[in-house]
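Worksheet: the structure to be examined is printed underneath.
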Amino acid sequence: MIIIPARLKSTRFPNKVLAQIRGIPMIVRTAELAKEIDDVIVACDDSLIAEVCTRYGIRSILTSNTHESGTDRIAECARLLKLTKEEIIINLQGDEPFLEQEVILRLKHLMENEAKSRGEIPFMGSCAKSITSEQANDPNLVKVVLNAKNEAIYFSRSKIPYDRENQIESGAQYLGHLGIYAFSGESLQAFCNLPKSTLESIEKLEQLRALEYSKTIVMAKVESQSFGIDTKEDLKRALKMFSK
């Protein structure tokens, strides 16, 4: 199942999930691209979002308006829906209306395939794409370093790895993290019950909590032009980029 967390009062872009994209609210655009892949529900904190979803035939559920993160919101949604421990749950951000469907499918298949090969569903899954050295300088674009098994070693807003001898230019690569996650029903609840970690607080990256508590995050390398819509300027840039 794909659960899309949606909060109405975003700090940098108030009501952004209801911002119009060629006449259709952002949250609806995001849900529509996802529902061709799996069952979709929007976990929202305000009845206004729920009303918009109903108008467009998108299933939604009201959750608490006190959650600190989207992960906490989808965890409550999973409890309300009584999803099983074995259910693979994809956390798709509500501000990703231009994310390629192939990325969501790749993550879904990664979790399914890893579950078969490991004999259990990985604690978490996510995606990364190749980025340029210049892009890696942007602290708003999160970087990730992987091990030989394509499991995350570390995420950072800093430029990692440090390219001491300019090896990136000779074939190595920087990887940018895409903010889409997958859990099992069991690991989702377990993640939200872990105490907030030191690294998470320093970098302001929730996924570091899993790594600091020695949990595995399997990663799919994908190709994507999409990016999250955090500001009105982001939306203008995205509309121009994805004009077709």
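Within the stretch 218-233, is there a residue that is touching a residue at least 24 places away in the same chain (Cβ under 8 Å), of a type outside the set (Val, Ile, Thr), in a helix (DSSP H, G or I) and open to solvent by 30 Å² or more (accessible area, probe 1.4 Å)? Checking the stretch 218-233: at least one residue is touching a residue at least 24 places away in the same chain (Cβ under 8 Å), of a type outside the set (Val, Ile, Thr), in a helix (DSSP H, G or I) and open to solvent by 30 Å² or more (accessible area, probe 1.4 Å). If we scan the stretch 93-112, do we find a residue that is open to solvent by less than 70 Å² (accessible area, probe 1.4 Å) and closer than 16 Å to Cys192 by Cβ? No, that holds for no residue.
Answer yes or no as to whether Ala182 is of a type outside the set (D, E, K, R), in contact (Cβ under 8 Å) with a residue 24 or more places away in the chain and in a helix (DSSP H, G or I). Talk me through it step by step, then tell me what you get.
On the way: of a type outside the set (D, E, K, R): yes; in contact (Cβ under 8 Å) with a residue 24 or more places away in the chain: yes; in a helix (DSSP H, G or I): no.
Criteria not met by Ala182.
Per the conditions (1) of a type in the set (A, V, I, L, M, F, W, C); (2) buried (at least 16 other Cβ atoms within 10 Å of the Cβ); (3) within 24 Å of Ala6 (Cα to Cα), the sole criterion not satisfied by Leu194 is (2). Restricting attention to the stretch 58-84, the residues being open to solvent by 90 Å² or more (accessible area, probe 1.4 Å) and either among the aromatic types (Phe, Trp, Tyr) or under 16 Å from the mean Cα position of the chain (by Cα) (or both) number 1.
Scanning the stretch 193-211 for residues that are outside any loop (DSSP other than H, G, I, E, B) and closer than 24 Å to Ala115 by Cβ returns Asn193, Leu208, Arg209, Ala210, Leu211.
Considering the stretch 55-78 alone, what residues qualify as being within 26 Å of Gly23 (Cα to Cα) and touching a strand residue (DSSP E or B) at 6+ places or on another chain (Cβ under 7 Å)? Correct list: Ile58, Arg59, Ser60, Ile61, Leu62, Gly70. Candidates are the residues of the stretch 130-157 that are assigned to a strand (DSSP E or B), out of contact with any Phe, Trp or Tyr (no Cβ under 9 Å at 6 or more places or on another chain) and among the small types (Gly, Ala, Ser); the one that is surrounded by the most Cβ atoms within 10 Å (Cβ to Cβ) is Ala152.
The values are calculated or read from the model by the stated rules, or taken from the named source; none is laboratory data. All values derive from a computational prediction rather than experimental measurement. Note that each Cβ is placed from the backbone with ideal geometry, even for glycine, and that neighbours are counted across all protein chains shown. Keep in mind that these areas ignore ligands, DNA and RNA; they rest on the heavy atoms of the full protein, side chains included. Shrake-Rupley method; radii C 1.70, N 1.55, O 1.52, S 1.80 Å.
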